[in-house]
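Since the structure comes first, as structure tokens, the remarks are kept for the end.
The values are calculated or read from the model by the stated rules, or taken from the named source; none is laboratory data. Keep in mind that this is a model prediction, so the values were computed, not measured. Please note: Cβ atoms are built from the backbone with ideal geometry, for glycine as well, and neighbour counts cover all protein chains shown. With ligands, DNA and RNA removed, areas are computed over all heavy atoms of the protein, side chains included. Shrake-Rupley method; radii C 1.70, N 1.55, O 1.52, S 1.80 Å.
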Amino acid sequence: MIARRELLIGAASLAALGVAEALRPRTVIALGGDVPLSDLVPSRLGIWSAHNGGDIIVPKVEGSLADKLYSDQLTRLYINDEVSEAVMIVIAYGGAQNDMLQLHRPESCYPAIGFTIIDHRFAALPIGAGQHIPVVELTAKAGDRIEDIVYWARVAEDLPLTMSAQRSDLLKTAMQGFIGDGALVRASAIRRGDGGDKFAPVRSFLQDLVAGLPADQRKVLIGTQRGDALKTAAA
Amino acid sequence: MADTPEMTVDALAGQGARMPKFGVHWFMLAGFAVMAVATIITLAQQVWVMEIGSHGPIVLATGLWLLFQQLGDMKARAMPPATWPVVLGLLLAVPLYIFGRAYDFISLEALGVFIVGVLCVYTLYGPRAILHNLFPFVYLGFLVPPPGWMITSATMPLQELVSAVSTGTLQLAGYPIIREGVTIYIAQYQLLVEDACSGMNSIVGLTAISLFYIYVMHQASWRYSLLLMCMILPVAIITNIMRVMTLILLTYYAGDEVAQGFLHMTAGILLFAVALGLIFLIDAIIQRLFARPAPVTAT
């Protein structure tokens with residue numbers, strides 16, 4: 001005769017496994033992944049053109065964190081000849097996002113590579129048709145080099161501003177039964193010794209980036225809702 | 001009333017069986033085994049392949065071995081279990097497990113399985129058996145991975161220290177090295193010692209392995225064990241410094257690829273072996289310096 005306690009433990013174990021597997025999200029929402037980023041993003045974006053016509057090659061380190069997290073990355077320098085501004089853009093795209101493997105935010109890594117964050121705030125970047133993207137604006141300093149950075153992160157259909165918001169958005173997506181993809185869009189410019197901050201050109205570049213993307217592919221970087229709103233406005 | 005484990009085990013003991021027979025308890029053990037194996041597979045895929053969890057297989061094997069060594073003692077202390085701890089334990093473990101497994105939080109999933117495992121032992125042997133043999137359970141607890149961000153924030157300063165000492169020492173020796181945070185530049189190479197955004201990931205595994213050594217060698221004298229436990233953190237730091245310095249020198253003399261290969265190879269076993277070696281060395285030195293005469297048994 002099996003003791004009641006043992007029956008309880010055995011049955012609870014099997015039932016727990018069953019329930020967990022039933023609840024586990026299986027439907028993948030991938031807004032991107034079919035078109036490589038370097039084809040997606042045009043070399044001419046309004047008044048900006050890609051320096052040397054193409055991508056900065058960042059060596060792929062096998063087994064590194066970046067290799068594990070991101071299936072596609074794009075690094076380019078865009079120049080605006082008229083006012084001689086240069087903005088660097090880094091876009092990282094990752095397929096299935098989960099708690100262990102999710103987008104890393106710049107401010108979490110900068111201290112580790114010797115940068116100090118001297119300014120940090122949240123802002124709303126207008127992209128037309130009454131739409132905004134919630135962005136993080138920060139200034140990072142390493143010795144004499146001061147860099148102004150504006151970035152946003154997309155996780156499934158959300159644009160979280162902080163790491164904890166990112167985690168809870170991932171969880172929310174999972175609880176709805178979906179596995180989402182993610183994209184990190186980061187633009188930055190280095191201050192020249194004399195001038196003020198570079199947020200104006202960086203923001204204006206990002207607006208030109210969104211405007212310059214093919215209408216069907218905007219959702220890869222900004223999500224379906226905003227992508228569709230811009231499509232309808234243009235129509 | 002249903003058989004109590006105590007009655008069953010004692011009846012079998014009378015037959016001269018050294019290991020308690022588990023056959024009677026097949027349903028509980030089978031149910032737990034199915035759940036545990038599923039989680040072990042997930043652990044192997046997600047955690048054991050990373051530095052933060054590379055101690056996993058070692059801890060599993062040696063931990064189970066420790067537990068089986070204690071079966072005789074646990075059998076001797078066997079008591080009938082109460083029902084309410086099992087119910088309470090399941091009420092805690094099952095939601096944790098389901099949430100963790102469904103939504104990809106391996107720490108919660110593993111914690112749930114661990115609690116149910118303890119409940120199984122409790123049901124078989126009662127509370128006293130567990131309380132008198134705590135170490136194997138604490139040790140097996142190292143199979144539950146801590147969340148990455150927790151380790152990172154706790155050990156980031158340690159990793160900076162490791163980088164600083166490694167580069168400082170080699171700079172003194174005349175090598176062309178520049179350090180920015182935990183990123184190191186030597187000659188024309190850039191070295192990311194680990195993923196720059198992590199702390200000292202090996203600390204969890206190194207602590208587990210060191211605890212195992214101390215327990216096996218010195219469980220009898222808990223004061224001495226405590227002393228050796230204080231050495232764990234310094235040993236972990238020194239081991240990592242040695243690793244980083246070797247990595248830098250390898251990169252300088254043999255190039256990037258050889259160094260990266262070394263990095264991956266030492267992420268697991270070799271690091272543990274060096275740390276164990278250091279602890280063994282410290283143990284031997286202390287024993288030599290403060291040699292006590294062996295206890296004389298009364299005749």
List every residue pair whose Cβ atoms sit under 9 Å apart, with the two residues 6 or more apart in sequence or on different chains, where the first one lies in the range B:146-173 and is over 17 Å from residue B:237 (Cβ atoms) and the second, anywhere, is modelled with pLDDT of 85 or more and in a loop (DSSP other than H, G, I, E, B).
B:147/B:105
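Do we find that residue B:180 is in contact with a helix residue (DSSP H, G or I) (Cβ under 9 Å, 6 or more places away or on another chain), facing another protein chain (nearest Cβ under 8 Å), of a type outside the set (A, V, I, L, M) and over 26 Å from residue A:14 (Cα atoms) in this structure? Outline the logic, then answer.
Details: in contact with a helix residue (DSSP H, G or I) (Cβ under 9 Å, 6 or more places away or on another chain): yes; facing another protein chain (nearest Cβ under 8 Å): yes; of a type outside the set (A, V, I, L, M): yes; over 26 Å from residue A:14 (Cα atoms): yes.
Against the criterion (in contact with a helix residue (DSSP H, G or I) (Cβ under 9 Å, 6 or more places away or on another chain), facing another protein chain (nearest Cβ under 8 Å), of a type outside the set (A, V, I, L, M) and over 26 Å from residue A:14 (Cα atoms)), residue B:180 qualifies.
Quick check on this structure: which one of A:35, A:19, A:41, A:28 is among the β-branched types (Val, Ile, Thr) and open to solvent by 70 Å² or more (accessible area, probe 1.4 Å)? Don't jump to the end; show me each part of the working.
Values: A:35 fails: open to solvent by 70 Å² or more (accessible area, probe 1.4 Å); A:19 fails: open to solvent by 70 Å² or more (accessible area, probe 1.4 Å); A:41 fails: open to solvent by 70 Å² or more (accessible area, probe 1.4 Å).
It is A:28.
Are any residues in the range B:150-177 over 30 Å from residue B:107 (Cβ atoms) and either in contact with a strand residue (DSSP E or B) (Cβ under 9 Å, 6 or more places away or on another chain) or facing chain A (nearest Cβ under 10 Å) (or both), and if so, which ones?
Taking the range B:150-177 first, the residues over 30 Å from residue B:107 (Cβ atoms) are B:164-177.
Answer for the range B:150-177, where residues must be over 30 Å from residue B:107 (Cβ atoms) and either in contact with a strand residue (DSSP E or B) (Cβ under 9 Å, 6 or more places away or on another chain) or facing chain A (nearest Cβ under 10 Å) (or both): B:164, B:166, B:167, B:168, B:170, B:171, B:175, B:176, B:177.
State whether one or more residues within the range B:156-170 are part of a strand (DSSP E or B) and crowded, with 16+ Cβ neighbours inside 10 Å. Working first, answer last.
To start, the set of residues in the range B:156-170 that are part of a strand (DSSP E or B) comprises none.
No, the conditions are met nowhere in the range B:156-170.
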Over the range A:214-226, the set of residues touching a residue at least 60 places away in the same chain (Cβ under 8 Å) and outside any loop (DSSP other than H, G, I, E, B) is A:217, A:219, A:220, A:221, A:222, A:224, A:225, A:226
Here are some residues: A:200, A:211, A:229. Which one is without any contact (Cβ under 8 Å) to a residue 24 or more places away in the chain, hydrophobic (A, V, I, L, M, F, W, C), at negative phi and part of a helix (DSSP H, G or I)?
A:200
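Check every one of the strands (runs of 3 or more DSSP E) wholly within the range A:77-187 and list those with 2 or more residues that are of a type in the set (Val, Ile, Thr), open to solvent by 60 Å² or more (accessible area, probe 1.4 Å) and over 21 Å from residue A:221 (Cβ atoms). Let's see the steps before the verdict.
Numbers: elements: A:85-94, A:116-128, A:131-142, A:145-155, A:178-180.
It comes to A:116-128.
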Check off (1) open to solvent by 50 Å² or more (accessible area, probe 1.4 Å); (2) modelled with pLDDT under 90; (3) within 13 Å of another protein chain (Cβ to nearest Cβ) for residue B:34 and give me the number that stays unchecked.
(2)
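Count, please, the residues in the range B:80-95 that happen to be of a type in the set (A, V, I, L, M) and either open to solvent by less than 50 Å² (accessible area, probe 1.4 Å) or touching a strand residue (DSSP E or B) at 6+ places or on another chain (Cβ under 7 Å) (or both). If you could, list the steps in order and put the result at the bottom.
So in the range B:80-95, the residues of a type in the set (A, V, I, L, M) come out as B:82, B:86-88, B:90-94.
Now narrow it down to the ones that are either open to solvent by less than 50 Å² (accessible area, probe 1.4 Å) or touching a strand residue (DSSP E or B) at 6+ places or on another chain (Cβ under 7 Å) (or both): B:82, B:86, B:90, B:93-94.
Of the residues in the range B:80-95, 5 are of a type in the set (A, V, I, L, M) and either open to solvent by less than 50 Å² (accessible area, probe 1.4 Å) or touching a strand residue (DSSP E or B) at 6+ places or on another chain (Cβ under 7 Å) (or both).
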Every listed condition ((1) assigned to a helix (DSSP H, G or I); (2) of a type outside the set (Val, Ile, Thr); (3) surrounded by fewer than 21 Cβ atoms within 10 Å (Cβ to Cβ)) holds for residue A:205 save (3)
Checking residue B:91 against (1) modelled with pLDDT under 90; (2) out of contact with any helix residue (DSSP H, G or I) (no Cβ under 8 Å at 6 or more places or on another chain), which test does it fail?
(1)
